[in-house]
Amino acid sequence: MAAPKPEEISFPPMDQLQGLEYCIDSNPSWGEAIALGFQHYILALGTAVMIPSFLVPLMGGTDGDKVRVVQTLLFVEGINTLLQTLFGTRLPTVIGGSYAFIVPIISIIHDTSLMSIEDNHVRFLNTMRAVQGALIVASSIQIILGYSQMWAICSRFFSPLGMVPVIALVGFGLFDRGFPVVGRCVEIGIPMLILFIAFSQYLKNFLTKQLPILERFALLISITVIWAYAHLLTASGAYKHRPELTQLNCRTDKANLISSAPWIKIPYPLQWGAPTFDAGHAFGMMAAVLVSLIESTGAYKAASRLASATPPPAHVLSRGIGWQGIGILLNGLFGTLSGSTVSVENVGLLGSTRVGSRRVIQISAGFMIFFSILGKFGALFASIPFTIFAAVYCVLFGLVASVGLSFLQFTNMNSMRNLFIVGVALFLGLSVPEYFREYTAKALHGPAHTRGSWFNDFLNTIFFSSPTVALLVAVFLDNTLDYKDSARDRGMPWWVKFRTFKGDSRNEEFYTLPFNLNRFFPPS
């Protein structure tokens, strides 16, 4: 028997993923696009509700305050998503709240000058204004790095090999928000996970009028079914005598959002009062802004692949970071209690639905703005138990992580140098943040615990982030370890053409600014 030919046992590297139905600049029908946009909106609710639900009670806020913060966060998310898809990277990415900001915000909440305020409402307002001031100052980091093209210069040190651990850990690094949360209410979490996988994968060829409806709308259908099932369990009294934590994770009536929400409320800048500024608070928040920048860089690379686009050129990436800085500035002005980053779960949904259309994401931004103004209707959807979202995260975060691993095809993984870099960066990217989390859980403060709270916040925030640790390790090793003789092994011959706008003819199709704005901002 003849030996197999090389092309029969290997697959050539591909710039763009195969099997995607709609790429970045192709659009489904308006009806399908609106339904897909609503699906992205529903998915974005998980983080938008979770962050205020955790932070607002610590600040002394009421359920009414929590609802207002959720509304404000969704409203600004919609604006930031529109700005990013129109003028930033132009990739189909939802710009949502970020968990990276929780460490410095908790530090602000526990500031002795704020904790000493006895009136809870006054303490909530003063804490909110302190967070706003820190966000406004810290946003300058991304604005400067983005619009000065300094991040574009930094990105020239990136290679496909160096980006693999960063993009992979954008997904893998969020593992604690997946099954550990599903396990808090397995009776709705496990069925949701099974149903979502069944609809999106095993039944994806089920067609209705030539539309793979179960694959395309697996999220909407499975959430509707499991939400109704959870409501049935709640109404039947299944959780009546269960522990408070179980009720909080399982019941559909524990969020107290619908009763507390106004019918109509338009968020506006400085609605909580004039921001207050403190140098220590701002410095700690700058670490979160840097983490957001690195996590978004990895997410943008993943989104470009799932939207069947070329990797964003350096100046496009930098432009997107600049607009993200503007987004964090808006977070500070409106008072969203969180900064902005790319929503990883929504990037994963691009792959699950095989629709990477920019128009779909812009429609989802419209839903965010619309339902944040109509408070009662928005609160209805926001009352979905977070366990249901966590089940979906198990699939979508993993999908984003696998996109990061797909960049290995452009590198030589028979090289011991490359195996060392990828392995060490992945392991430390998971292990270091886990050490920081465990230490904090036991000692109630991070491993960095000096007299300078701003210094503690900076270090603890940086090392809580898996993609940030992975980037520091991978990029350092990749650019210092036999780098002169390893350009081919690192994947640089393939990568170099995507560094500049004119390096690939497809870049103009994907990343040119609308309304002929390239006349005023010519690509580099």
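Does Leu419 satisfy the condition of being at pLDDT 90 or above, out of contact with any helix residue (DSSP H, G or I) (no Cβ under 8 Å at 6 or more places or on another chain), open to solvent by 70 Å² or more (accessible area, probe 1.4 Å) and under 14 Å from Met163 (Cβ atoms)?
It is false that Leu419 is at pLDDT 90 or above, out of contact with any helix residue (DSSP H, G or I) (no Cβ under 8 Å at 6 or more places or on another chain), open to solvent by 70 Å² or more (accessible area, probe 1.4 Å) and under 14 Å from Met163 (Cβ atoms).
So which helices (runs of 4 or more DSSP H) are wholly in region 196-271 and hold at least 1 residues that are among the aliphatic types (A, V, I, L, M) and under 19 Å from Cys185 (Cβ atoms)?
Ranges flagged: 218-235, 244-250.
Whether any residue in region 316-332 is within 16 Å of His40 (Cα to Cα) and modelled with pLDDT of 95 or more is what I want to check.
From region 316-332, those within 16 Å of His40 (Cα to Cα) are none; that's our starting set.
Within region 316-332, none of the residues are within 16 Å of His40 (Cα to Cα) and modelled with pLDDT of 95 or more.
Every residue, every condition in (1) more than 19 Å from Ile294 (Cα to Cα); (2) touching a residue at least 24 places away in the same chain (Cβ under 8 Å); (3) assigned to a helix (DSSP H, G or I), yes or no:
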| site | (1), (2), (3) |
| --- | --- |
| Lys376 | yes, yes, yes |
| Phe407 | no, yes, yes |
| Asn412 | yes, yes, no |
| Val422 | no, yes, yes |
| Arg451 | yes, no, no |
| Ala470 | no, yes, yes |
| Phe476 | no, no, yes |
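Given the conditions (1) at positive phi; (2) free of Cβ contacts under 8 Å to residues at least 40 places away in the same chain, report the number of the one that Leu114 does not fulfil.
Leu114 satisfies all of (1) at positive phi; (2) free of Cβ contacts under 8 Å to residues at least 40 places away in the same chain except (1).
Return the only residue of Thr480, Thr461 being open to solvent by 50 Å² or more (accessible area, probe 1.4 Å) and out of contact with any Asp or Glu (no Cβ under 6 Å at 6 or more places or on another chain).
Thr480
Quick one: is Ser406 at pLDDT 95 or above, closer than 30 Å to Arg490 by Cα and of a type outside the set (Val, Ile, Thr)?
Considered against the rule, which asks whether it is at pLDDT 95 or above, closer than 30 Å to Arg490 by Cα and of a type outside the set (Val, Ile, Thr), Ser406 comes out as no.
When region 411-441 is examined, which residues are found to be of a type in the set (Asp, Glu) and closer than 13 Å to Pro467 by Cα?
Result: Glu434, single match.
Looking only at region 29-86, count every residue that is in contact with a Ser or Thr (Cβ under 8 Å, 6 or more places away or on another chain), surrounded by fewer than 20 Cβ atoms within 10 Å (Cβ to Cβ) and among the hydroxyl-bearing types (Ser, Thr, Tyr) and tell me the total.
1
Can you tell me which condition Thr127 does not meet? The list is (1) touching a residue at least 60 places away in the same chain (Cβ under 8 Å); (2) farther than 17 Å from Ser296 by Cβ; (3) surrounded by fewer than 24 Cβ atoms within 10 Å (Cβ to Cβ), and all the others hold.
Single failed check for Thr127: (3).
Over 15 Å from the mean Cα position of the chain (by Cα), of a type outside the set (S, T, N, Q), surrounded by fewer than 22 Cβ atoms within 10 Å (Cβ to Cβ) and within 26 Å of Val49 (Cα to Cα): which single residue out of Lys442, Lys376 fits that description?
Lys376
For the subset of region 308-359 comprising residues that are touching a Phe, Trp or Tyr at 6+ places or on another chain (Cβ under 8 Å), under 25 Å from Arg177 (Cα atoms) and not in a helix (DSSP H, G or I), which member is most open to solvent (accessible area, probe 1.4 Å)?
Arg354
The values are calculated or read from the model by the stated rules, or taken from the named source; none is laboratory data. These numbers come from a predicted model, not from an experiment. Cβ atoms come from the backbone with ideal geometry, glycine included; neighbour counts cover every protein chain shown. Surface accessibility is based on the protein's heavy atoms, side chains included, excluding ligands, DNA and RNA. Shrake-Rupley method; radii C 1.70, N 1.55, O 1.52, S 1.80 Å.
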